[in-house]
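Asker: Submitted below is the structure of interest, expressed as structure tokens.
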Amino acid sequence: MGDRIVRSMRLRRAAAGALLIVLMLSVAAPALAMSTSRITIDQKTGGLQTRFTYQATADEDAGVDRIDFLFPEGFDTEDVYVELTLLDGLKRIKADYEVEILESGAVSISFDPAVPAKSNLFIEVYDVITPIAGGTYEIPVEYEAVTTDDDTETRKDPGLTVTYATPPRQEALSRWLENQSLVRSWNSVKFLNIFFKPQHIVVAFPLLFKGWLKSLSLVLLAFPISIIGGLLIAFMKMAKIAPVRWIASVYINVIRGTPLFLQIFVVFIGFRTIGIRLPDFLSAVAVLSFNSSAYLAEIFRAGIQSISRGQFEAASSLGMTYWQAMQHVIIPQTVRRVLPTMTSEFILLFKDTALLAAVGIFELMMYSQNYVARNANLTAFTVAAIYYLIITIPLINLVGRLEARLAQSEGGSSAPPKGRHKRGVLLGSGAAAPEGAPAPGLGPAVGSGPQVDFDHSAAKHESR
Amino acid sequence: MADAIVRIKDLHKAFGSLEVLKGVDMDVQRGEVVVILGPSGSGKSTLLRCVNRLEEPTGGEIWFEDVQVNSPKTNINEVRERIGMVFQSFNLFPHLTAKGNVMLAQRKVMKRDKAEAERIAVEQLTRVGLADRVDYFPAQLSGGQQQRVAIARALAMDPHVMLFDEVTSALDPELVRGVLDVMKELAKAGMTMLVVTHEMGFARDVATRAVFMDGGVIVEEGSPAEVFDHPQHERTKDFLGHIS
Ligand SMILES: Nc1ncnc2c1ncn2[C@@H]1O[C@H](COP(=O)(O)OP(=O)(O)OP(=O)(O)O)[C@@H](O)[C@H]1O
Ligand SMILES: [Mg+2]
């Protein structure tokens, strides 16, 4: 395609034609030479499709045969189209013209017949793509004047000087994508356009990253606090003193019995009305911790109580105190046993950070909602989903492996060797084990293994 | 009497309205091996568990050396340190290796330093024939091996008395021997032992005294030969007839 691209343009009836004419007249300058009254170009940052408008009055002594807009290198004029209005005084006159896009990128408009002297020209060049790199560019205008004695000469017009800011990289990429034919055909599929629009993906990803970090830091702060709180409440619930148990029960039941959404509003709005004012981020951490503590307390309590009494008795018979037995015997076993459920709880809590969008915490969901509202496209939700999944999928996977390992180690003392070997193969390296497991068939009838009534299925872990 | 290490006086224990021990008296001399026999539910385990107060007696007195076990003023953990107990279900700590099991209470209760606790652990595990299993986890050991680890764990605390509650009942028959051999060695070494068991051979060979319990009281006691070969009471005869 080394040749010129030639496109004929039909004069289109502009909807706002009348308005346009009024506008032109109001700015028309006294005409000595081809007097340019106005050249404008939209957009302030590069890489965008824009409209270039040119408004001028032809010289008194000559008609105009051709006008060239000499877009410099960097401008993409390949897909431009031109709207042209020609006026003789107030009267709109017919113009026959052809638009050529030169190899240099210049847009050349030839008139046949030539535009009469003194007529007013209004030219709009649509879909000019401005250079992505910022900077100052000159767009000179040249025209071929046809004098009354039929001479032609090339005359110059001052043209236009424009300055662009370089857009952020992702914007630039987005704008570049905008013009890729592959992207266009992708976007022509409605579903893909709405949920997977490449232009939005490249912009939303870095933008939502901040929200993702916020969500992560919320949960990474709240979860350790919840572990401590959960342990505290779990031990309160197992306390000897009844009122202590009641307090723990009430706490657990109230928190688990009400929606987190409600708890968020209580903390964010309720606390404020009674005069407690925390920074939003701290309030968010607090409400997540309050909530998760209750769930973890139940997980811990169930875990601790699932450890067989014999463990505690063995520790006691060796002279260990209650807390020594807890610390060195019961808790380590409980941790291993509740790890899968705890991980599920972490996943739930991480997803629940989304609810904080309702009170204006700028976390992942909030970022994506804003983006969607601004751009009328749902791609940002897809991006948010990916950000959530980056965390949750590996953890879901981990839960599965922890469960399998747990089943293996707990089955170890009582399950038939067959099952153990099978799992061992599936898992590759399961629980850490020195060489030389006992020969099959040596398993005791009653193992020291813990009871099996503890529910370590993550699937059964209630959601909220 | 002067050298009695455990003295039990009119011991009563009830679970709610269920009276399990109805007045048990027993003195155990230093170095004695007392075998306790009796039908299921007669209160043998409960008696043993009262000695180190895993069960709280509801009446009577238990003395260990010069402290009353069931007195609120007694620091029970100090008493338990000196009373080793081995359970039917082993109750090894599954998250620790054999050595870890034997070391834990030495470190936390006796405050032995790590090197000493480790040395003693290996020593005791060697004593029960598990020198080559010190780094195994309980799940990797046979029941008999696990039970021997449990014995080593109790011995590492330098107990003055050992309580054994049907320690071979959960084992496959071929594994019982190893555990009984360890107990025999222990008896030979002069350990004071209270042993609840159905192993008659062991009782005959090792016990210095046999005690027959039924219905929460001691029905009959004496040397193993007396009790096994010439039982005085119908219930004893009945019981012995059933198990042999
Ligand atoms: N924690 C408890 N709560 C209520 N009842 C109990 C408890 N422990 C034991 N019992 C009851 O006390 C009675 C005696 O139990 P114990 O375990 O001492 O018997 P045992 O002689 O050891 O029998 P076995 O030979 O079956 O072990 C039984 O009826 C038992 O049900
Ligand atoms: Mg018993």
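The numbers here are math on the coordinates, done by the rules we state, and not lab data. Because the structure is predicted, anything quoted here is derived from the model rather than measured. Here the Cβ is made from the backbone with ideal geometry for all residues, glycine too, and neighbour counts use every protein chain on show.
Asker: Relative contact order (percent) for the range B:144-197, with alpha-carbon contacts under 8 angstrom and 6 or more residues of separation?
Answerer: About 52 percent, as a whole number.
Asker: Counting only other chains, and only Cβ atoms inside 10 Å, what mean value do you get across the residues of A:80-86?
Answerer: Per residue, the average neighbour count from other chains is 0.
Asker: Now for a separate question. Under the 0.36 nm per residue contour assumption, what length would be gained going from the current alpha-carbon distance of A:T53 and A:Q170 to full extension?
Answerer: Value of the extension gain: 39.3 nm.
Asker: For chain B, give me the percentage of DSSP beta bridges that are antiparallel, rounded to the nearest 5 percent.
Answerer: Just about 55 percent of them are antiparallel.
Asker: Moving to a separate point now. Under 24 Å Cα-Cα from A:K91, which lysines qualify once same-chain neighbours fewer than 8 residues away are excluded?
Answerer: Output for A:K91: A:K118.
Asker: What are the aspartates and glutamates whose alpha-carbon lies under 14 Å from the alpha-carbon of A:K237, with same-chain residues fewer than 8 places away excluded?
Answerer: Result set, ordered by chain and number: A:E298.
Asker: Output the antiparallel fraction of DSSP beta bridges having both residues in the range B:134-244, as a percent to the nearest 5.
Answerer: The answer is about 50 percent antiparallel.
Asker: Here is a further query. Given the C-alpha centroids of the range B:126-167 and the range A:274-307, what is the distance between them in whole angstrom?
Answerer: Cα centroid to Cα centroid, the span is 42 Å.
Asker: Can you pull the mean other chain C-beta count within 10 Å for peptide B:80-92?
Answerer: That average works out to 5.
Asker: Treating only the Cβ of Lys, Arg, Asp and Glu as charged (+1, +1, -1, -1), what charge dipole size does the protein assembly as shown show about its Cα centre? Round to the nearest 20 debye.
Answerer: Here the protein assembly as shown has a charge dipole of around 2340 debye.
Asker: Quick one: compute the contact order of the range B:1-152, relative version, from alpha carbon pairs under 8 angstrom and 6+ residues apart, as a percent.
Answerer: Contact order relative to length: 19 percent.
Asker: What FRET efficiency comes out for B:K237 versus B:D205 if R0 is 30 angstrom and r is the Cβ-Cβ distance? Round to the nearest 0.05.
Answerer: Once rounded, the FRET efficiency stands at 0.85.
Asker: For the protein assembly as shown, rounded, prolate or oblate, judged on the Cα gyration tensor with a ≥ b ≥ c (square roots of eigenvalues), a/c < 1.5 rounded, else prolate if a/b > b/c?
Answerer: Prolate is the answer for the protein assembly as shown, as a/c is 1.5 or above and a/b outweighs b/c.
Asker: Next up: How many nm is it between the label spots at B:D135 and A:T136, if each spot is 7 Å from the Cα in line with the beta carbon?
Answerer: Result for the modelled spin labels: 7.6 nm.
Asker: Based on DSSP loop calls and a cut-off of at most 12 other Cβ atoms within 10 Å, the longest stretch of chain B free of exposed trypsin sites (Lys or Arg not before Pro) is what?
Answerer: Maximal segment without exposed cleavage sites: B:112-244.
Asker: What does DSSP give for the range A:35-164 in terms of the percent of beta bridges that are antiparallel, rounded to the nearest 5?
Answerer: 100
Asker: Starting from the 7 Å offset along Cα-to-Cβ, what nm value, one decimal, do you get for the label separation of A:V335 and A:S104?
Answerer: The modelled label-to-label distance comes out at 7.6 nm.
Asker: With charges set only on the Cβ (+1 for Lys and Arg, -1 for Asp and Glu), what does the dipole of the range A:35-164 come to about its Cα centre, in debye to the nearest 20?
Answerer: Charge dipole, the range A:35-164, about its Cα centre: 740 debye, nearest 20.
Asker: Give me the inter-chain shielding for A:319-328: mean count of other chain Cβ atoms within 10 Å, whole number please.
Answerer: 5
Asker: Which of the peptides A:165-176, A:398-409 is most tightly packed, and how do the rest follow, going by the mean number of other Cβ atoms within 10 Å of each residue?
Answerer: Put in order of decreasing packing, that is A:398-409, A:165-176.
Asker: DSSP H helices in chain B with Cα extent of 20 Å or more along the helix axis and mean Kyte-Doolittle hydropathy at least 0.0?
Answerer: B:173-188
Asker: OK, next. Below 8 Å, C-alpha to C-alpha, sequence gap of six or more: please give me the relative contact order for the range A:35-164 in percent.
Answerer: 35
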